[in-house]
Amino acid sequence: MRHLWSFLAGLVVAPVTWVLVTLGQDGSARTVHRWVELGTYSTPNLIEPAVYLGVAGILLGLLGTLRVSPLGPVVAGLLLITPYVGMFVAPFTVRDRIPDTWKVLGDPLPLRQPVENGTVFLIGVLLLMAAFSAQRWRRWPGRPTAEAELTSSDKPIENTFSLTEWPPAGAENERDSSPVSLGYPDQTPTEPLPRRTGGESPWSAPPRATTRSDDTTGTR
């Protein structure tokens with residue numbers, strides 16, 4: 001589809017550019033010649049031909065630089081260079097077939113002028129050269145897939161064991177090396193220290209533990 005739209009754009013841009021360049025060149029030439037005849041100048045007179053040339057440049061720039069199908073620049077370039085190439089074969093026949101009496105908004109439209117001075121040939125060659133850019137033959141890069149966006153650190157860890165190897169060897173080693181625990185601290189009670197009597201100094205050695213004899217029984 002992009003080749004079709006590019007082809008249609010080339011068919012439209014080529015004649016429109018020819019007309020705009022003709023209006024711009026003829027308007028600029030007549031304005032400057034009038035300045036020379038009068039011996040004075042008025043720069044606003046160049047605004048209209050400058051607009052024509054500027055629009056032609058924008059159209060050519062869009063067609064020649066955007067990364068679309070190269071079919072459009074090729075078609076437009078061939079259409080623009082054909083009249084000048086025909087001047088090598090039958091110059092008078094080609095010149096007579098180009099209309100030179102048309103008018104646009106009251107301004108004369110001498111379409112022979114860009115052919116005779118070689119402007120259309122220059123533009124056509126530029127468009128043909130733009131088609132040789134390697135980037136124009138490639139499609140716009142699509143959105144990267146989710147798999148390509150994942151880096152090595154973002155990729156999930158893959159398990160290499162199968163269902164027949166359950167539980168995994170690593171889990172068995174961890175179970176043998178450390179006992180099962182819920183993470184609570186050891187609750188084994190410790191033996192209380194013997195109490196000191198009221199008359200003893202706090203700096204004295206702790207009293208020795210006294211044990212009752214097993215044979216002393218009874219009540220007092």
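The values are calculated or read from the model by the stated rules, or taken from the named source; none is laboratory data. It should be emphasised that the depicted structure is a prediction, and the values quoted were computed from it without experimental measurement. Every residue, glycine among them, receives a Cβ derived from its backbone with ideal geometry; neighbour counts consider all protein chains shown. Keep in mind that these areas ignore ligands, DNA and RNA; they rest on the heavy atoms of the full protein, side chains included. Shrake-Rupley method; radii C 1.70, N 1.55, O 1.52, S 1.80 Å.
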Legend entry - So residue 60, is it at pLDDT 85 or above and over 27 Å from residue 130 (Cα atoms): no
Inset, instruction - Select from region 111-130 the residues that are among the small types (Gly, Ala, Ser) and buried (at least 18 other Cβ atoms within 10 Å of the Cβ) and write down the one among them that is modelled with the lowest pLDDT. - result: 130
Legend entry - Matching option when the condition is touching an Asp or Glu at 6+ places or on another chain (Cβ under 7 Å) and either at pLDDT below 90 or closer than 30 Å to residue 1 by Cα (or both), among 73, 108, 99: 108
Inset, instruction - Scan 104, 85 and give me the residue that is open to solvent by less than 50 Å² (accessible area, probe 1.4 Å), under 19 Å from residue 115 (Cβ atoms) and β-branched (Val, Ile, Thr). - result: 104
Legend entry - Any pair with Cβ under 6 angstrom, 6 or more apart, that starts in region 39-54 at a residue that is within 14 Å of residue 29 (Cα to Cα) and open to solvent by 80 Å² or more (accessible area, probe 1.4 Å) and ends at one that is of a type in the set (A, V, I, L, M, F, W, C) and outside any loop (DSSP other than H, G, I, E, B): 41/35
Legend entry - Entirely in region 1-104, the helices (runs of 4 or more DSSP H) that have 2 or more residues that are under 28 Å from the mean Cα position of the chain (by Cα) and of a type in the set (A, V, I, L, M): 2-38, 47-65, 71-89
Legend entry - region 74-87 residues that are free of Cβ contacts under 8 Å to residues at least 24 places away in the same chain and of a type outside the set (Phe, Trp, Tyr), paired with ones that are assigned to a helix (DSSP H, G or I) and open to solvent by 30 Å² or more (accessible area, probe 1.4 Å) (beta carbon under 8 Å, 6 or more apart): 86/93; 86/94
